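Below is one structure, written out as structure tokens, with a few remarks after it.
The values are calculated or read from the model by the stated rules, or taken from the named source; none is laboratory data. All values derive from a computational prediction rather than experimental measurement. FYI the Cβ positions are ideal-geometry reconstructions off the backbone, even for glycines, and counts take in every protein chain you see. Keep in mind that these areas ignore ligands, DNA and RNA; they rest on the heavy atoms of the full protein, side chains included. Shrake-Rupley method; radii C 1.70, N 1.55, O 1.52, S 1.80 Å.
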Amino acid sequence: MTDLTTELIDLCAGLREVVLPSLGRHAARAHAGVAVGGDVTFEIDEIAERHLERYLAARLPRWAAYSEDRGLQGAADPELLLIVDPIDGTRPAAAGLESACVSIAAARPAAAPRMAELVAGVVQEIKGGDLFAAERGAGIVMRRASGAPLPLTPSPRTALDGLFWNTGLRGRPLLLLARAIEELVDATSVGGAVFELGSATYAVTRVLTGQLDAYVDIGPAIIAAYPTTEAEFRRVGNGHVLCNSPYDLAAAWLLCREAGVPMTDADGSSLEERPLLGSDAGFQLACIVSGNETLQAALVAAVGRGIARLGG
């Protein structure tokens, strides 16, 4: 690994260390404010964000970072740009569950940076400590907290029947989403399983380990197909659209790219040209991740059929 990836791993470890004592504590659930994208900032988020702010000032004064709760901070003309979700899975973390991660990606500075500018990404589970790291063009490293290797074993399953997969519910109007993913839920809820683990990066890394066959999160695709539904998303999101933002998926996207695992928009198109900096509805991402290209195509087709049903 290069010095850059080592630095990201160190920052991940520091964020994990300050958050661990708060896992599952009721005080972690206190509302501390509102994030730049409109989501609730919990006290456990604030603990992590304060550490990130101090770390940047002390160790990386010539870098900048865009984080979930603070937005853009750090150097005005940075040498490197970090895309940070200090706790991806705040609600599971506040409940003391396993499905919460630190997610950090690094990108080359640009006037309007895109996913294509990403050069490194690290995801670390907060409770268990398992680590996933990738450098562009150099592959992926996966290891246990103990340092033992963690095998890359994406699912070979190609049929929708019996799928084990994850979706996202936070901020998504339930009736709209249920109609769009009805076919997938019905095909898998008995012979397979549908999960809502509360963390995009945790779900994506489960596809890398083979524990899940797929991750399907399509809120922005529904809005794009039917703009009038945005009002329903804002109703559920207390005035905001609260789907996945770039900070949720940047590191996970690079992990998948280097692992050879497909991650695309809901229609199967590439995410490479999507902007990295932003949290509101105009920047949010639908995505489908799966263990192989055949399954990916089947999921894209099923989601397309589901979104078309909403028009009826």
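Brief remarks on what is shown
- Test: residue in segment 217-238 that is touching a helix residue (DSSP H, G or I) at 6+ places or on another chain (Cβ under 7 Å), closer than 24 Å to residue 159 by Cβ and not in a helix (DSSP H, G or I): yes
- Checking 58, 105, 30 one by one, the residue that is modelled with pLDDT of 95 or more and surrounded by fewer than 18 Cβ atoms within 10 Å (Cβ to Cβ) is 58 and no other.
- Scan of segment 150-168 for residues that are buried (at least 20 other Cβ atoms within 10 Å of the Cβ) and either hydrophobic (A, V, I, L, M, F, W, C) or more than 30 Å from residue 187 (Cα to Cα) (or both), ordered by number: 160, 163, 165
- Of the candidates 129, 147, 171, 137, the single residue that is surrounded by fewer than 23 Cβ atoms within 10 Å (Cβ to Cβ) and closer than 29 Å to residue 190 by Cβ is 171.
- Taking segment 1-26 as the range and being open to solvent by less than 70 Å² (accessible area, probe 1.4 Å) and free of Cβ contacts under 8 Å to residues at least 24 places away in the same chain as the test, the residues that pass are 6, 10.
- Pick from segment 61-72, criterion open to solvent by 30 Å² or more (accessible area, probe 1.4 Å) and closer than 19 Å to residue 245 by Cα, ranking: modelled with the lowest pLDDT: 70
- On the stretch given as segment 33-51, residues that are open to solvent by less than 30 Å² (accessible area, probe 1.4 Å) and within 22 Å of residue 96 (Cβ to Cβ) total 8.
- Conditions (1) within 17 Å of residue 303 (Cβ to Cβ); (2) open to solvent by 30 Å² or more (accessible area, probe 1.4 Å); (3) not basic (Lys, Arg): number failed by residue 190: (1)
- Of all residues in segment 266-285, those being at pLDDT 95 or above and small (Gly, Ala, Ser) number 4.
- Top-ranked residue of segment 246-290 - restricted to ones that are part of a strand (DSSP E or B) and free of Cβ contacts under 8 Å to residues at least 60 places away in the same chain, ranked as surrounded by the most Cβ atoms within 10 Å (Cβ to Cβ): 263
- Residue 201 being in contact with a Ser or Thr (Cβ under 9 Å, 6 or more places away or on another chain), open to solvent by less than 10 Å² (accessible area, probe 1.4 Å) and not aliphatic (A, V, I, L, M): yes
- Of all the listed residues (200, 252, 308), the sole one being among the aliphatic types (A, V, I, L, M) and touching an Asp or Glu at 6+ places or on another chain (Cβ under 6 Å) is 200.
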